[in-house]
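Step one of this worksheet: look at the structure below.
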């Protein structure tokens with residue numbers, strides 16, 4: 001059906017079409033053209049990563065991180081059970097065994113207090129996911145990782161421009177990954193980026209991203225010809241996608257202020273309703289600056305969530321739930337996961353509801369959604 005207020009609405013917000021035409025006129029529409037270089041520079045200067053490399057998706061950025069860490073069969077990688085499958089697939093493809101960590105009941109991020117107990121001599125990486133663009137407790141996670149000599153890869157798909165204690169997400173781990181999927185604050189339809197903070201990985205990352213060749217060094221004039229020197233794949237997005245994305249980066253202030261306004265309106269106008277009906281709204285700790293990526297709620301039960309989704313649909317409002325627990329998925333069970341391993345994840349997954357949230361969501365749209373919640377009465 002056509003929703004009056006959809007869950008997501010990807011929109012152009014600036015010079016997207018103009019820049020795509022410019023990329024065409026540049027006669028360089030494949031990867032690593034002028035707009036790709038501009039997006040790299042924007043990410044490096046804005047976030048503070050040593051190196052940024054655009055990829056065709058956040059999934060591919062995660063796959064690159066697994067190759068760079070030389071993940072091998074028998075290695076273990078700790079991931080939250082409450083995340084998208086790409087977070088774990090990237091490492092499973094290299095032969096790793098996922099170790100599922102439960103999440104905190106407040107921020108829904110990896111529970112740092114339970115992390116150290118999951119570490120074994122086989123642990124090679126820890127992959128915290130900054131859920132909803134709210135930072136994990138990175139001081140504790142990094143202290144544990146450093147104490148055991150384990151690499152950290154931040155899955156920052158939700159958290160571009162968010163901060164933890166004044167420091168940008170994506171700059172804590174050896175590497176971090178970003179998503180520019182159409183549901184994200186900044187998008188190009190499908191896209192991602194690998195942020196590299198440990199300089200030892202930069203040169204090899206360029207090679208892996210260029211199908212295992214040293215083509216980047218050739219274009220910089222560092223070698224006379226390029227050849228196959230390592231494993232790799234084709235992880236470069238078209239420069240037309242980079243052009244679209246760069247136009248969105250230019251609208252940073254508009255995008256973030258619009259989303260912040262919508263998020264605050266939801267929080268303000270749903271707080272009384274939520275308290276009355278035992279509904280949990282998002283938690284954002286005082287030492288965190290969130291990315292305003294999504295607005296969600298935790299309802300009292302799966303039954304209530306199902307009824308509310310149907311109630312809102314009747315009013316033309318689209319809401320969705322989110323991740324299913326990876327530890328009880330078919331693949332999770334194949335790696336030893338079972339029900340009860342991650343009780344918070346298993347509980348939250350049944351009760352979480354995501355509200356419409358996008359860059360052009362207006363105040364009247366938000367209030368229409370709010371009014372629909374207040375009109376819901378079937379709590380039994």
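Only the coordinates and a few stated rules stand behind these numbers; no lab work does. Given the structure is predicted, the values throughout are model-derived calculations rather than measurements. Here the Cβ is made from the backbone with ideal geometry for all residues, glycine too, and neighbour counts use every protein chain on show.
Between the range 205-252 and the range 293-307, what is the C-alpha centre distance in whole Å?
Centre-to-centre (Cα) distance: 42 Å.
Quick one: angle between helix 363-374 and the longest Cα principal axis of the chain, in degrees between 0 and 90, rounded to 10, please.
50
Quick check: Cα centre of the range 362-379 to Cα centre of the range 116-190, how many Å?
With the range 362-379 and the range 116-190 each reduced to a Cα centre, they are spaced 34 Å.
When DSSP assigns beta bridges and you keep just the ones with both residues in the range 1-147, what percent turn out antiparallel, to the nearest 5?
The answer is about 10 percent antiparallel.
Given an 8 Å cut-off on Cα distances and at least 6 residues of separation, report the relative contact order of the chain as a percent.
Contact order relative to length: 23 percent.
What percent of all Cα-Cα pairs in the range 220-266 falls into each 5 Å bin, going from 0 up to the bin containing the maximum distance?
Over the range 220-266, the share of Cα pairs per 5 Å bin runs 5, 14, 12, 12, 13, 12, 10, 8, 6, 5, 3, 1 percent.
In the chain, what % of DSSP beta bridges are antiparallel (nearest 5)?
Working: 22 of 37 bridges.
Here the share of antiparallel DSSP bridges comes out near 60 percent.
Where does helix 302-314 land angle-wise versus the long Cα axis of the chain, in degrees 0 to 90, nearest 10?
Long axis of 302-314 versus the principal axis of the chain: about 90 degrees.
Any chance you could give the angle, 0 to 90 degrees and rounded to 10, that helix 34-47 forms with the longest Cα principal axis of the chain?
60
So how much slack lies between residue 313 and residue 377, counting 0.36 nm per residue of separation and subtracting their Cα-Cα distance, in nm?
Once the chain is fully extended between residue 313 and residue 377, it gains 21.5 nm.
Which order results if 19, 246 are arranged by neighbouring Cβ count within 10 Å, fewest first?
Going from least to most buried by this count: 19, 246.
Give the Cα extents of the range 74-124 along the principal axes, in whole Å, largest first.
33, 24, 10
Counting other beta carbons within 10 Å of each residue's own, what order do 209, 94 fall into, fewest first?
In order of increasing Cβ crowding within 10 Å: 94, 209.
Just rank 295, 84, fewest to most, by other beta-carbon atoms within 10 angstrom.
Ordered from fewest to most neighbouring Cβ atoms within 10 Å, 295, 84 come out as 84, 295.
Note the direction-averaged projected area, equal to a quarter of the hull surface, for the Cα convex hull of the range 252-374, in nm².
9.3
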